[in-house]
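> My questions all concern the structure below.
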There are 2 protein chains.
Amino acid sequence: MKLNEIGEDAVVESITRDLRFDERVEIGPGDDCAVVRFGGGLQLLKTDCVVEGIHFLADTPAQAVGWKALCRAISDIAAMGGDPLDAMITVAVSPDRPLAWLTDLYIGLNRAAARYGVNLVGGETSRSPGPTFIAVALTGKVDKERLVTRAGGMLGDRLYVTGELGGSIGGKHLGFEPRLAETRWLTANFPPHAMMDLSDGLASDLPRLAKASGTGFEIEFSALPKTAGCSVEQALADGEDYELLFAISENVGPKLEKDWQHAFPELALTCIGRLTETKPEIHPHGYDHFR
Amino acid sequence: MKLNEIGEDAVVESITRDLRFDERVEIGPGDDCAVVRFGGGLQLLKTDCVVEGIHFLADTPAQAVGWKALCRAISDIAAMGGDPLDAMITVAVSPDRPLAWLTDLYIGLNRAAARYGVNLVGGETSRSPGPTFIAVALTGKVDKERLVTRAGGMLGDRLYVTGELGGSIGGKHLGFEPRLAETRWLTANFPPHAMMDLSDGLASDLPRLAKASGTGFEIEFSALPKTAGCSVEQALADGEDYELLFAISENVGPKLEKDWQHAFPELALTCIGRLTETKPEIHPHGYDHFR
């Protein structure tokens, strides 16, 4: 079987089934980040990549590529309730590229690092015989009381998303802001039961959160916060929204919505459905890395 | 200027000049690993990659690729005097590859993880429009008293290498064992002043150690431990030896050599020169990623 006949979730399940862990590992693969014990605290670990021809194009400005590469990983650290700490950057690049491309990439990386308090502590730069490839590994820390996984959702929880969904390819995917201030505020004031960032599209990501929580879900399609000019299908399936999806007790909903408006007047917060026992098939699919 | 006109060290220097750090960072880019403070201890952070067509071939057995990818990073953690902890794997792979290739890769990764006590805590698998690319990010811990950098070498120190140099492409590069037991023993019994692992070849790596230590060096070419069938040039420049290079006080040399033979009877330890004030040009160069 080839990878494109199988699909991403099945591939990941197949390769992560027998991985080696010891007792330091609190949460292994399958959530936005891994969680390990280190030095008396909890460390978050995330790796991610952007590939030329997939996540950016040969003529995408390198500074934007750098920003995107680091912010994708920051978005995952935020979605677990954590703070990003130290990043390591691996770049495989054609020897034909000008040095200016690489320095521009690092300007973008550095700008995101400064904005979100990340240290760029290490890197590896190799030759690529093909497209440029950038991997970002990012550590973070999280207080035990603030850790939010995908798995804590409960039947009846309201489902919220931040911002607007769909159409990211129009530009947002290169310049988005990871929702770090928002997750800090949420975990301090309205701790979600379950949370994740929306990277592959709601149609792919929500079923993952529900599955991890052992529930089904219902979406109120008419309530979806669509980016201007986008259809419901695009809001569900375009992917690369880098917004938050979280599940929270129904009874805190009204106060959450009111307080959110004061805290983040520029960013929409929308109740898009609930965790239920129903397990609907939703189409179209969000982004699958192998299909 | 294109990358292949500049050379690896100049490229790295150019992109790491203005990186953003805070006071948690003890050692940034430029050594085998970065060192950061975390939870009251010191954490080592390393990223590395292997690229199809550069570090392995399309028909290299995937299990060997997995072993190599993780062991390269373990070798760097060892060279700082640390113990490896948690690894994150990023793979960009053609959708045409069979699933068996990816599961074999993970068998090799998992075997190395089990052998050296590493947790494979996370991964990202993406599509590649070209060659397969594997990045490994690895954390480690190190006691402050056991931390060894490239920078502590002193004038008059003896230079030692483990094992034999050259000819790694004949097979060793796929099946080498990172020198973790050896660095644990060294840092406990004969703490080196400076240490690194030999990945690009002695001709490239030794000048880096000497430069970081603010010294020059002399090599006794006739003493170089050459792999059977290899020339001095190959021992200097082939690269991918994954042996240790370290600098240590001249006066501990005799006892070190004697005790080493008891501790590691199967692994040669060879004095190959000294740190001096001389700064020779040595040719041929070791491996440069952009030339």
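> Output the residues belonging to region A:181-204 that are surrounded by fewer than 23 Cβ atoms within 10 Å (Cβ to Cβ) and closer than 13 Å to residue A:159 by Cβ.
Passing the criteria: only A:193.
> Show me the strands (runs of 3 or more DSSP E) found entirely inside region A:65-157 where at least 2 residues are touching a residue at least 24 places away in the same chain (Cβ under 8 Å) and more than 9 Å from chain B (Cβ to nearest Cβ). Break it down into steps so the answer makes sense when it comes.
On the way: elements: A:83-93, A:119-127, A:133-142.
Fully inside region A:65-157 and qualifying: A:83-93, A:133-142.
> So, residue B:178, is that one at pLDDT 95 or above, surrounded by 18 or more Cβ atoms within 10 Å (Cβ to Cβ) and either in contact with an Asp or Glu (Cβ under 7 Å, 6 or more places away or on another chain) or not hydroxyl-bearing (Ser, Thr, Tyr) (or both) or not?
Working: at pLDDT 95 or above: yes; surrounded by 18 or more Cβ atoms within 10 Å (Cβ to Cβ): yes; either in contact with an Asp or Glu (Cβ under 7 Å, 6 or more places away or on another chain) or not hydroxyl-bearing (Ser, Thr, Tyr) (or both): yes.
Taking the combined requirement at face value, the residue satisfies it.
> If you check residue B:92 against the conditions, is it at pLDDT 95 or above, of a type in the set (A, V, I, L, M) and either assigned by TED's automatic domain parsing to the domain that holds residue B:28 or under 18 Å from residue B:51 (Cβ atoms) (or both)?
On the way: at pLDDT 95 or above: no; of a type in the set (A, V, I, L, M): yes; either assigned by TED's automatic domain parsing to the domain that holds residue B:28 or under 18 Å from residue B:51 (Cβ atoms) (or both): yes.
Answer is no for this residue.
> On to the next question. What is the residue count in region A:124-167 for residues that are in contact with a Leu (Cβ under 6 Å, 6 or more places away or on another chain) and of a type in the set (Val, Ile, Thr)?
Residues in region A:124-167 being in contact with a Leu (Cβ under 6 Å, 6 or more places away or on another chain) and of a type in the set (Val, Ile, Thr): 5 in total.
> With (1) touching a Pro at 6+ places or on another chain (Cβ under 7 Å); (2) more than 20 Å from residue A:48 (Cα to Cα); (3) modelled with pLDDT of 95 or more as the list, and residue A:242 as the residue in question, which single condition is left unmet?
With respect to (1) touching a Pro at 6+ places or on another chain (Cβ under 7 Å); (2) more than 20 Å from residue A:48 (Cα to Cα); (3) modelled with pLDDT of 95 or more, residue A:242 is out only on (2).
Table: residues versus (1) within 8 Å of chain A (Cβ to nearest Cβ); (2) crowded, with 21+ Cβ neighbours inside 10 Å; (3) over 18 Å from residue A:126 (Cβ atoms).
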| residue | (1), (2), (3) |
| --- | --- |
| B:24 | yes, no, yes |
| B:36 | yes, yes, yes |
| B:46 | yes, yes, no |
| B:59 | no, no, yes |
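> When you scan region A:97-127, how many residues do you find that are of a type in the set (Gly, Ala, Ser), crowded, with 19+ Cβ neighbours inside 10 Å and more than 20 Å from residue B:26 (Cβ to Cβ)? Before you say what the answer is, go through the steps one by one.
First, the residues of region A:97-127 that are of a type in the set (Gly, Ala, Ser): A:100, A:108, A:112-114, A:117, A:122-123, A:126.
Checking which are crowded, with 19+ Cβ neighbours inside 10 Å leaves us with A:108, A:112-113, A:122-123, A:126.
Checking which are more than 20 Å from residue B:26 (Cβ to Cβ) leaves us with A:108, A:112, A:126.
Number of matching residues: 3.
> Looking only at region B:161-209, count how many residues are of a type in the set (Val, Ile, Thr) and assigned to a strand (DSSP E or B). Break it down into steps so the answer makes sense when it comes.
At the first step, the residues of region B:161-209 found to be of a type in the set (Val, Ile, Thr) are B:161-162, B:169, B:183, B:187.
Checking which are assigned to a strand (DSSP E or B) leaves us with B:161-162.
Residues meeting the conditions: 2.
> Residue B:40 fails exactly one of the following numbered conditions: (1) under 18 Å from residue B:150 (Cα atoms); (2) at the interface with chain A (Cβ under 7 Å from one of its Cβ atoms). What is the number of that condition?
(1)
> So, in region A:225-273, exactly how many residues are under 17 Å from residue A:205 (Cα atoms), under 19 Å from the mean Cα position of the chain (by Cα) and not in a strand (DSSP E or B)?
Result for region A:225-273: 10.
The values are calculated or read from the model by the stated rules, or taken from the named source; none is laboratory data. Computed from a predicted model, the values in this text were never measured in an experiment. Every residue, glycine as well, gets a Cβ built from its backbone with ideal geometry; the counts of neighbours run over all protein chains shown.
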